[in-house]
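Peer 1: I'd like to ask you about the structure that follows.
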Ligand code: UDP
């Protein structure tokens, strides 16, 4: 299959601004190449793919980023800036799609989904978030009624945000396992990883660290400075050890030394890449039973699931984290979320989409 992938219009690949989509795209390219497919990627200028993905042709586009939907009001109208990066990536996609079998859109945005109604070339969409915008959800509903195969979701819980989709295609996600080294560090510090933004609920993890009289290591791109400084001021100095945004290899080296990852989202997390990355290093995860993490974590086997927003329960699960065998965590990723497993699911889905257009 010849597949053209369109990246997120928020930040270049490797910047951290695009969140989990950056890693998802790279994992997918690895898996697709490994299965023998031909891949071209359209992405913002300065984007980088994994070295091992060099067989994929990368097309750079310059332009203005979109505003992330999770930071706008649910009922906001669509805003497309002048010199739009999204429009530029789509134009490039249309240009090269003529020699391809399918366009695969990875941006959660209005324009590429709307184009489905007006294109003769197959275009498929990986929806990377829960319902964060009425205009996008209504558009998905409209397009779905005409093209029911063209959407895929990362988790069942995420897909429930789109109740009009009766039988959602669930593709999970994939991780290149040789990028993550198993470590048996049962006595390490507490960890939290993610974009530092309100929907990620960092304050609850810091609360837990403070209750235990420990510090917590925090890795990730600080998207919302005022939110970060509010957290910093709400707890004793030194409770948060800000470790910055690291590339995958460096991140996993540090993360693997931790005894547990806390994952405390306040929104319907579509998947939760960082949960699987921790497991791949052998780090058990304690998360709220909310969104993707509630389908990934095997309660009592690879970590614990607490009732949403129940911080005290997070504290009590940390006290028994040594009951989790770290090898089980790694094993779950190997058996459920490798790049090949992921790419196979995506290819099966894309075949259905392509067949619709024949
Ligand atoms: N991440 C990273 N370096 C860091 C912290 C985070 O590369 O120091 C990446 C991480 O690998 C993951 C992404 O940031 O792929 C966060 O994705 P997730 O699905 O957890 O949440 P999202 O940001 O998409 O809401």
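Coordinate-derived values only; no laboratory data. What you see is a predicted model, and the numbers here were worked out from it, not measured in a lab. We place every Cβ from the backbone using ideal geometry, glycine too, and count neighbours over all the protein chains shown.
Peer 1: Which value, in nm² and rounded to one decimal, describes the direction-averaged projected area of the C-alpha convex hull of the range 287-346?
Peer 2: Mean shadow area of the hull around the Cα atoms is 4.4 nm².
Peer 1: Order of 153, 235 from fewest to most other C-beta atoms within 10 Å? Don't skip to the answer; put the middle values down first.
Peer 2: On the way: 153 26, 235 16.
Ascending Cβ contact count within 10 Å gives the list 235, 153.
Peer 1: Where the convex hull is taken over the Cα atoms of the chain, what is its projected area averaged over directions, in nm²? Spell out each step's value before the answer.
Peer 2: Details: hull surface 65.9 nm².
Computed as one quarter of the Cα hull surface, the answer is 16.5 nm².
Peer 1: Obtain the nm distance between the two label points defined at residue 54 and residue 311 by a simple spin-label model: each point lies 7 Å from its Cα along the Cα-to-C-beta direction.
Peer 2: The modelled label-to-label distance comes out at 4.9 nm.
Peer 1: Quick one: helix 85-97 against the long Cα principal axis of the chain, what's the angle to the nearest 10°, folded into 0 to 90?
Peer 2: Between helix and principal axis, roughly 50 degrees.
Peer 1: Okay, next question. By how many nm would the segment from residue 34 to residue 229 lengthen if fully extended, with 0.36 nm per residue of separation less the alpha-carbon distance? Mind dumping the intermediate values first?
Peer 2: Values: separation 195, 0.36 × 195 = 70.20 nm, distance 4.34 nm.
Length gained, residue 34 through residue 229: 65.9 nm.
Peer 1: Follow-up. At a Förster radius of 45 Å, what calculated FRET efficiency corresponds to the Cβ-Cβ distance of residue 75 and residue 351, to the nearest 0.05?
Peer 2: Computed FRET efficiency for residue 75 and residue 351 comes out at 0.75.
Peer 1: Determine Rg/Rh for the range 211-277; Rg is computed over alpha-carbon atoms and Rh is the Kirkwood hydrodynamic estimate from the same atoms. Provide the component values of the computation, followed by the final result.
Peer 2: Numbers: Rg = 12.8 Å, Rh = 13.5 Å.
Computed over Cα atoms, the ratio is 0.95.
Peer 1: Taking only the alpha-carbon atoms of the range 254-358, what semi-axes of the equivalent ellipsoid follow from 5 times the gyration tensor eigenvalues under a square root, in whole Å, largest first? Before the final figure, lay out the partial values.
Peer 2: Working: eigenvalues 178, 55, 19 Å².
After diagonalising the Cα gyration tensor, the semi-axes are 30, 17, 10 Å.
Peer 1: In addition: Over the range 147-187, what is the mean sequence separation of C-alpha contacts under 8 Å (at least six apart), divided by residue count, expressed as relative contact order in percent?
Peer 2: Details: 24 pairs, mean separation 15.6, N = 41.
For the range 147-187, the relative contact order is 38 percent.
Peer 1: Now for a different question. How high is the relative contact order of the chain, in percent, counting Cα pairs under 8 Å that sit 6 or more residues apart?
Peer 2: Working: 747 pairs, mean separation 60.8, N = 358.
Result for the chain is 17 percent.
Peer 1: Taking 1 over the mean of 1/r across every pair of different Cα atoms in the range 202-331, what Kirkwood radius in Å do you get?
Peer 2: Values: mean 1/r = 0.0673 Å⁻¹.
It works out to 14.9 Å.
Peer 1: Bin width 5 Å, alpha-carbon pairs only: give the P(r) of the range 97-243 as whole percents, running from 0 to the bin holding the largest distance.
Peer 2: 2, 8, 14, 14, 12, 12, 13, 11, 8, 5, 2, 1
Peer 1: Could you tell me how many degrees, from 0 to 90 and to the nearest 10, lie between the Cα long axis of helix 202-211 and the main elongation axis, the longest principal axis, of the Cα atoms of the chain?
Peer 2: Roughly 10 degrees between the two axes.
Peer 1: Taking the Cα atoms of the range 1-149 alone, what are Rg (to one decimal) and Dmax (as a whole number) in Å?
Peer 2: For the range 1-149, the Cα-based Rg and Dmax read 14.6, 42 Å.
Peer 1: Rounded to a whole number, what is D in µm²/s for the range 9-86 from Stokes-Einstein with the Kirkwood radius over alpha-carbon pairs (10 °C, 1.306 mPa s)?
Peer 2: Working: Rh = 13.7 Å.
The Stokes-Einstein estimate is 116 µm²/s.
Peer 1: With viscosity set to 0.692 mPa s at 37 °C, what whole-number translational diffusion coefficient in µm²/s follows for the range 69-138 from Stokes-Einstein and a Kirkwood radius over Cα pairs? Before the final figure, lay out the partial values.
Peer 2: Numbers: Rh = 13.1 Å.
Result for D is 251 µm²/s.
Peer 1: What is the distance in Å between the Cα centroid of the range 166-198 and that of the range 235-261?
Peer 2: 13 Å
Peer 1: Round to the nearest 10 and give me the degree value, 0 to 90, for the angle of helix 339-356's Cα axis relative to the longest principal axis of the chain.
Peer 2: Roughly 30 degrees, rounded to the nearest 10.
Peer 1: Further, regarding this structure: For the range 163-233, just say rounded, prolate or oblate: build the C-alpha gyration tensor, square-root its eigenvalues into a ≥ b ≥ c, call rounded for a/c under 1.5, and beyond that prolate if a/b exceeds b/c, oblate if not. All intermediate terms of the calculation are to be shown ahead of the outcome.
Peer 2: Values: a/c = 2.20, a/b = 1.28, b/c = 1.71.
It comes out oblate by the Cα gyration axes.
Peer 1: With springs only between Cα atoms under 10 Å, which of 79, 127, 222 fluctuates most in a Gaussian network model of the chain?
Peer 2: 79
Peer 1: Sort 147, 154 so that the residue with the fewest other Cβ atoms within 10 Å of its own Cβ comes first and the one with the most comes last.
Peer 2: Numbers: 147 20, 154 28.
Ordered by Cβ neighbours within 10 Å, fewest first: 147, 154.
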